[in-house]
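Below: one structure, written as structure tokens.
The values are calculated or read from the model by the stated rules, or taken from the named source; none is laboratory data. Remember, it's a predicted structure, so these values are computed and weren't measured experimentally. With ideal geometry, Cβ positions are generated from the backbone for all residues, glycine too; neighbour counts draw on all protein chains shown.
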Amino acid sequence: MRNRGMTLLELLIALALAGVIFLGIFHVSTIAGKQIHVYIERYNAYSQIGYALDDMALRMPSASKIKTPFTQSGALETIHAMRFIGASDPYHVVPYEGDTDYRYRVRNGAGEDGALVLEVMDGSNIEKAEILVEGKFRPRVSFIRHGEQHDAEPDFMTVVIEVFCDKSKAIGLPEKLVKAEGIRFWFVDVVQPQ
Amino acid sequence: MKNAKGLSLIEILVVLIITGLIAACVSAAVIGGYYMLKQAEHKSRAMSITHVKLQEYLSHSFDNLQPGQESGNESNISNAFVETQDNTYFNWTVFIDQDKTMGANRVPYKNVTVETKYSEVDPQGKAVNTRTIRLSNVVPYPLIHILSRKSQAPFPDGKYEAPRTDLRYYPGMKEEEYNWAGILDGAKVLDFNYAVPKDLIIMYNLAISYDTDHPPDPDETVMTRCRIDNGGTEGIITRTPIRSQVFINNILQVGNVGAGPHTVHIEWCHESDNAGVKVWLRAYDVTVVAVEYKDNP
């Protein structure tokens, strides 16, 4: 009479094959898991950049005074913080009568968290601050004016926000994300000659 | 008796094939998700570039937007875009053309269209699709124009002398009876050329001086008026005593000035019986505010 069951050899082969298959499944699910983490991180980064640019496009055009103006009208100039007087309610603008001192900057001083923030200033004191892009993304903001050799108007500038998604390298995507917005000021020129 | 339990080779091969197919489907989803993410990011990048260029061109004034086209790439926006390129290159083109609205007045406007093109690559790195993002907007003809002219420096005495008459102006007086002349020796003060009919508000200020060796009598006056082209007097005529008021100003409205070129003349005349009294122009400034004429009040 023949015994039911498997021989040792069959068992070993089955175990080896199963191991290979499970390794493959594990590998695929690990990659998928990493991808999902990266996609979520990039989605968060894009959302925050978009939110920051939307906030700037909402507040800055109605500025009644620029406190950190560009000084050169004929050259490429980049600054990394923008301070201006704008309306406290950007949906209710009275021309030329802003009443709130705003500043956009990255908090990259000693002990700071590296976030891109909108600050409401009271002289040199910060009354309140809103985080637009978290410090974990290491944001960088550039306010750029291309100057008259590019036929740029004196009331126009470009804002570029760059962030870093460190996990993206794991799946072969570039870690740096960048987005830009064009801002046209309604009441003032962003260039103020020295 | 043959009663083999267990798996045959064929069964194992079939299991392996099925497992391989399932793994291939999962891998396709994973790899496909990667490329879908890249597609979405490329579209977002193209939209960002297109929007920035559109805002840049919309910031130009109507007259500064010349019909035609201009092209460039991401490096024109910022070097940050160049640093993050991943073998997909974005090129923008701006098209500007001019047109007019329908209706009696045919108001001109300029249409600004920005296109950003980029090529998508398949997993093998071969370019498969050219995608285009297109945004468009208009820059309308300005509703209000403001034009201003003024003398750059005070005129020396004697350069522009007011014509003299010994008559006293009265309403209805014939042109040839009086002695009007332009403040700049007949030359126009300014000209304008708008594409639509306009209502004008004209404001002028004159500073005058006189020969202090032969001063005018206290009751001597200077008359001023404004004319468009060679037409009749627009608005009111001012009468200003010379000795007590050396600054003359006037503001007047002219309605429905037709589209096309026009000139503004400011004219004056010095009423005096004494030929030895001279009145001179020291300085002037004229401002014209032109608002689009509305057909219906």
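Annotation: of all residues in segment A:169-184 being surrounded by fewer than 21 Cβ atoms within 10 Å (Cβ to Cβ) and either in contact (Cβ under 8 Å) with a residue 60 or more places away in the chain or hydroxyl-bearing (Ser, Thr, Tyr) (or both), the one that is nearest to the other protein chains (Cβ to nearest Cβ) is A:ARG184.
For segment B:53-70, the candidate set comprises residues that are surrounded by 15 or more Cβ atoms within 10 Å (Cβ to Cβ) and of a type in the set (Ser, Thr, Tyr); within that set, the residue that is nearest to the other protein chains (Cβ to nearest Cβ) is B:SER59.
Return the residues of segment A:129-164 that are within 13 Å of the chain's Cα centre (by Cα), surrounded by fewer than 22 Cβ atoms within 10 Å (Cβ to Cβ) and in contact (Cβ under 8 Å) with a residue 60 or more places away in the chain; say none if nothing qualifies. Across segment A:129-164, the qualifying residues are A:GLU134, A:ARG140, A:SER142. Residue-level check: of (1) more than 10 Å from chain A (Cβ to nearest Cβ); (2) in a helix (DSSP H, G or I); (3) surrounded by 15 or more Cβ atoms within 10 Å (Cβ to Cβ); (4) modelled with pLDDT under 80, B:ALA28 misses just (3). Determine if segment A:58-72 includes at least one residue that is under 30 Å from A:GLU119 (Cα atoms) and within 13 Å of chain B (Cβ to nearest Cβ). There is at least one residue in segment A:58-72 that is under 30 Å from A:GLU119 (Cα atoms) and within 13 Å of chain B (Cβ to nearest Cβ).
Filtered by the rule that a residue be within 10 Å of chain B (Cβ to nearest Cβ) and hydroxyl-bearing (Ser, Thr, Tyr), segment A:4-48 gives A:THR7, A:SER29, A:TYR39, A:TYR43, A:TYR46.
The condition (being within 18 Å of A:PHE156 (Cβ to Cβ) and surrounded by fewer than 21 Cβ atoms within 10 Å (Cβ to Cβ)) is satisfied by just one residue among A:ALA81, A:ALA63, A:ALA75: A:ALA75. Taking every residue in segment B:32-52 that is facing chain A (nearest Cβ under 8 Å) and pairing it with any residue that is loosely packed, with under 14 Cβ neighbours inside 10 Å, at least 6 positions away or on another chain, the pairs with Cβ-Cβ distances below 8 Å are B:TYR34/A:GLY172; B:LYS38/B:ASP86.
With respect to B:ALA283, determine if the residue is in contact with a Ser or Thr (Cβ under 8 Å, 6 or more places away or on another chain) and of a type in the set (Gly, Ala, Ser).
Considered against the rule, which asks whether it is in contact with a Ser or Thr (Cβ under 8 Å, 6 or more places away or on another chain) and of a type in the set (Gly, Ala, Ser), B:ALA283 comes out as yes.
Within segment A:82-120, the residues that satisfy the criterion of being of a type in the set (Phe, Trp, Tyr) and assigned to a strand (DSSP E or B) are A:PHE84, A:TYR102, A:TYR104. Of the residues examined, A:TYR51 is not one that is facing chain B (nearest Cβ under 10 Å) and under 30 Å from A:VAL160 (Cα atoms). For beta carbons closer than 8 Å, sequence separation of 6+ or different chains, a first residue in segment A:99-124 that is modelled with pLDDT of 95 or more and a second that is exposed (fewer than 11 other Cβ atoms within 10 Å of the Cβ) and of a type in the set (Lys, Arg), the qualifying pairs are A:GLU119/A:LYS128; A:VAL120/A:LYS128. Among the residues making up segment B:181-206, a single one is touching a Pro at 6+ places or on another chain (Cβ under 7 Å) and more than 27 Å from B:GLU292 (Cα to Cα): B:ALA181. None of B:LYS126, B:LYS100 is without any contact (Cβ under 8 Å) to a residue 24 or more places away in the chain, under 17 Å from the mean Cα position of the chain (by Cα) and outside the structural domain of B:TYR194 (by TED's automatic domain parsing) except B:LYS100.
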